[in-house]
Amino acid sequence: MLRIVVCVSGGGTNLNAIYEAIESHKIEDAKIVRVISNNPGAYALTRAKEHQSESVCVSPKDYLDRGAFNEALLNAIREASPDLIVLAGFLVNIPSGIIREFPNRIINIHPSLIPSFCGKGYYGLKVHEGVLARGVKVTGATVHFVDEGIDTGRIIAQKAVNVEPGDTPEILQKRVMEQAEWIILPQAISDIAKGLIEIGDKDRI
Ligand code: GAR
């Protein structure tokens, strides 16, 4: 049974897609053991409760400095003993201590075709604003491992989505979620649960 911790900051539609895939057996042998949010108002926390998952909020506002927040986040992850950590719209830079403790065990969904429209400053709607400002005709989403850079880890899956005339950032965001994110993130987790994609640090096993 793959133990999954999902980290969220907002609406949690990707979290919902993971729940749906588990409940419809598209993902097998996996369980969400904890949902962690940095934002106490995240609707994703409500979704976690609806699905009877344990959930915790670790907000930077409750800690004196970044170091104390990072330590609390690491502890909240550690306590759940995860095999896999999924960043599903988690808008926090993952501290290197967490990456070192869980090498090749953290994956992220990003709403563009990496290496386009990624890195510092590109998150949420800002990605789609960038896409429309540049005028590209194809965008999409990427699932990748998380390393110490921003959106630089090894790519696991990508799916392309067309940009249509008249798109606003909001319309494009919804299309990218529906046609790419909610498909490739559960698929990647399923492949990991089946052992088709290897996770973890082989040297430590
Ligand atoms: C998603 O579009 C996700 O790809 C993006 O935030 C949104 C969260 O939506 N993540 C990033 O931009 C990370 N750089 P959700 O809370 O409804 O899943």
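All of the numbers you see were taken from the coordinates with simple rules; none came from a lab. Just so we're clear, the structure is a prediction, and the values are computed from it rather than from any experiment. Glycine gets a Cβ as well: all are built from the backbone with ideal geometry, and neighbour counts include every protein chain shown.
Evaluate E = 1/(1 + (r/R0)^6) for residue 134 and residue 155, where r is the Cβ-Cβ distance and R0 equals 22 Å; express this FRET efficiency to the nearest 0.05. Don't jump to the answer; show the numbers that get you there.
Values: r = 21 Å, r/R0 = 0.94.
After rounding to 0.05, the efficiency reads 0.60.
What is the order of 118, 57, fewest Cβ neighbours within 10 Å to most?
Working: 118 21, 57 15.
Ascending Cβ contact count within 10 Å gives the list 57, 118.
Rounded to whole Hz and in sequence order, give me ³J(HN,Hα) for the stretch 37-49 from the Karplus expression 6.51 cos²θ - 1.76 cosθ + 1.60, θ = phi - 60°, writing x for Gly and Pro.
10, 8, 10, x, x, 5, 5, 4, 5, 5, 4, 4, 5
For the stretch 84-129, what relative contact order do you get, as a whole percent, if you take Cα pairs closer than 8 Å and at least 6 residues apart? Intermediate results must be reported in sequence, preceding the final value.
Values: 32 pairs, mean separation 18.2, N = 46.
Relative contact order here is 40 percent.
Would you work out the charge dipole size for the chain about its Cα centre, treating the Cβ of every Lys and Arg as +1 and the Cβ of every Asp and Glu as -1, and quote it to the nearest 20 debye? Can you show the working numbers first?
On the way: 22 positive and 25 negative charges, 40 e Å.
Once rounded to the nearest 20, the dipole reads 200 debye.
Going by C-beta contacts inside 10 Å, put 145, 102 in order with the fewest on the left.
Details: 145 18, 102 22.
Sorted ascending by nearby Cβ count, the order is 145, 102.
Any idea what the dipole of the stretch 50-137 comes to, in debye rounded to 20, about its Cα centre with Lys/Arg Cβ at +1 and Asp/Glu Cβ at -1? Write down the numbers at each step before the final one.
On the way: 9 positive and 9 negative charges, 118 e Å.
So the dipole magnitude of the stretch 50-137 works out to roughly 560 debye.
P(r) for the stretch 1-153: what percent of alpha-carbon pairs falls in each 10 Å bin, starting at zero?
11, 39, 37, 12, 1
For residue 200, what residues show an amide H to amide H distance below 5 Å, using hydrogens built from the backbone and excluding near sequence neighbours?
Here the answer is 105, since their amide H atoms fall under 5 Å of that of residue 200.
Expressed as an acute angle from 0 to 90° and rounded to the nearest 10, what is the orientation of the C-alpha long axis of helix 13-23 relative to the principal long axis of the chain?
That helix lies at roughly 60 degrees to the long axis.
Tell me, what is the percent relative contact order of the stretch 115-205, built from C-alpha pairs under 8 Å that lie six or more residues apart?
Working: 94 pairs, mean separation 23.2, N = 91.
Contact order relative to length: 26 percent.
Amide H to amide H, which residues 5 or more places from residue 117 or on other chains are under 5 Å from it, using H placed in the peptide plane?
HN-HN under 5 Å from residue 117: empty list.
Sorting 159, 61 on the 10 Å Cβ count, fewest up front, what's the list?
Details: 159 16, 61 8.
Ranked by crowding around the Cβ, least crowded first: 61, 159.
Could you work out the relative contact order of the chain, using alpha carbon pairs under 8 angstrom and six or more residues apart, expressed as a whole percent? Don't skip to the answer; put the middle values down first.
Values: 375 pairs, mean separation 44.3, N = 205.
Answer for the chain is 22 percent.
Within the stretch 125-154, find all residues whose amide N lies under 15 Å from a label point positioned 7 Å from the Cα of residue 201 along Cα-to-beta-carbon.
Counting only backbone N, you get 146-148.
Through the Karplus equation 6.51 cos²θ - 1.76 cosθ + 1.60, θ set to phi - 60°, convert the phi angles of the stretch 88-98 into ³J(HN,Hα) values in whole Hz; use x for Gly and Pro.
10, x, 9, 9, 10, 6, 6, x, 4, x, 6
Could you tell me the center-to-center distance, by alpha carbons, between the stretch 11-27 and the stretch 168-187 in angstrom?
When both Cα centres are located, 14 Å separates them.
Quick one: which residues, 5 or more positions from residue 163 or on another chain, have an amide H under 5 Å from its amide H? H modelled 1.01 Å from N in the peptide plane, none for Pro or chain starts.
Sorted by chain and number, the residues that satisfy this are 138, 139.
In the neighborhood of residue 174, defined by Cβ-to-Cβ distances under 13 Å, what is the net charge if each Lys or Arg adds +1 and each Asp or Glu adds -1?
Working: positive: 175; negative: 164, 167, 170, 178, 181.
Here the charged neighbours net out to -4.
For a protection proxy built on the mean count of beta-carbon atoms within 10 angstrom, sort 164-176, 89-101 highest first, please.
Numbers: 164-176: 14.3, 89-101: 16.7.
Sorting 164-176, 89-101 by mean packing, highest first, produces 89-101, 164-176.
Rounding to the nearest 20 debye, state how big the charge dipole of the stretch 144-199 is about its Cα centre with +1 on each Lys and Arg Cβ and -1 on each Asp and Glu Cβ. Intermediate values should be presented prior to the final figure.
Numbers: 5 positive and 10 negative charges, 43 e Å.
With Lys and Arg at +1 and Asp and Glu at -1, about 200 debye.
Per-residue counts of other Cβ atoms within 10 Å, averaged by peptide: what ranking do you get for 80-86, 48-54, highest first? Each step should come with its number before you reach the end.
On the way: 80-86: 19.9, 48-54: 14.7.
Ranked by mean Cβ neighbours within 10 Å, highest first: 80-86, 48-54.
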